[in-house]
Amino acid sequence: MSNSLILVVDDEHDILDLVEYNLIKHGYDVIKSDNGHRSIQLAKKHKPSLILLDIMMPGMDGHLVCRHLKQDRDLKDIPIIFLTARSDEKSEVQSLDEGADDYLTKPISISKLISHINAVLRRVGPYGDTQQKSIHFNGLEIDRERYIVIKNDREVRLPKKEFEVLYLLATHAGKVLSRRVLLNEVWGAHIYVIDRTVDVHIRKIREKLGDDLIETIKGVGYRFRKP
């Protein structure tokens with residue numbers, strides 16, 4: 001993972017300096033920002049490999065920064081890890097729903113932080129240029145460039161996690177994927193979420209796209225059926 005560029009965003013300069021020092025020591029290149037607006041400018045200019053993002057910042061907080069980045073076609077695929085003093089479940093759920101790849105609470109050990117960064121970079125690696133940008137079946141298009149699904153000429157936008165569940169199943173059409181595989185691939189092995197989380201996302205996908213695409217294999221998992 002060496003030479004990956006990480007953008008660290010936090011309004012506390014001692015945290016910026018501490019994180020920067022340790023990331024550099026572990027072989028990363030680092031750029032820093034102490035406010036939300038500046039972080040977006042730096043992301044556009046440098047296209048970092050990953051963004052470490054605080055939530056509680058004056059002016060533009062981390063949630064606003066995350067939403068802005070995920071709405072930008074050129075920046076939406078940059079993985080985001082929230083590193084924040086907020087430990088409440090509501091904030092964590094909101095962050096992940098907004099498209100964050102991980103959520104860590106302060107204080108955190110440097111070794112744990114590095115481990116999570118490495119895990120996220122490994123996980124998002126396959127979504128680079130070598131991965132299919134879109135999948136086409138009869139009357140169905142799953143466009144990963146724009147994070148949209150087109151079914152029978154109707155455009156459907158899904159939240160990031162719903163889209164990635166659908167995309168993963170579609171890239172393995174005809175094969176059964178267990179809930180644990182879906183959890184590990186979409187949420188990551190280091191994120192604790194229950195199996196029921198997958199069921200909820202599948203239900204929401206079916207509500208938007210119909211019941212004919214994803215088949216439940218009782219006691220095992222789910223299978224994408226080609227239309």
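Quick note: the coordinates plus some simple rules give every number you see, no bench work behind them. The shown structure was predicted, so the numbers you read here are calculated from the model rather than taken from an experiment. Cβ atoms come from the backbone with ideal geometry, glycine included; neighbour counts cover every protein chain shown.
Placing +1 on the Cβ of each Lys and Arg and -1 on the Cβ of each Asp and Glu in the chain, which of ILE135, HIS63, PRO79 has its Cα farthest towards the positive end of the resulting dipole?
Highest projection toward the positive end goes to ILE135.
Calculate the dipole size of segment 134-224 relative to its Cα centre from +1 charges on Lys and Arg beta carbons and -1 charges on Asp and Glu beta carbons; express the result in debye to the nearest 20.
260
Quick one: if you take sqrt(5λ) for each eigenvalue of the C-alpha gyration tensor of the chain, what semi-axes come out, biggest first, whole angstrom?
Equivalent ellipsoid of the chain: 33, 18, 16 Å, largest first.
Over 29 Å between C-alpha atoms is what I'm after, so list which of LYS32/LYS112; LYS25/LYS47; LYS90/LYS208; LYS112/LYS204; LYS47/LYS204 land there.
LYS112/LYS204; LYS47/LYS204
Helix by helix, which DSSP H runs in the chain go 30 Å or more along their axis at the Cα atoms and have an average Kyte-Doolittle hydropathy of 0.0 or more?
Answer set is empty.
Treating the beta-carbon of each Lys and Arg as +1 and of each Asp and Glu as -1, no other charges, what is the dipole magnitude of segment 5-127 about its Cα centre, to the nearest 20 debye?
460
Please identify the longest segment of the chain free of exposed GluC sites (Glu not before Pro), where exposed means a DSSP state other than H, G, I, E or B and no more than 16 other Cβ atoms within 10 Å.
Answer - 13-144.
State to the nearest 20 debye the size of the charge dipole of the chain about its Cα centre, where the only charges are +1 on K and R beta carbons and -1 on D and E beta carbons.
900
So what is the relative contact order of segment 28-92, in percent, for Cα pairs below 8 Å that sit 6 or more residues apart?
35
Among HIS26, ALA170, VAL9, whose Cα sits farthest toward the positive end of the charge dipole of the chain (+1 at Cβ of Lys/Arg, -1 at Cβ of Asp/Glu, about the Cα centre)?
After comparing all options, I get ALA170.
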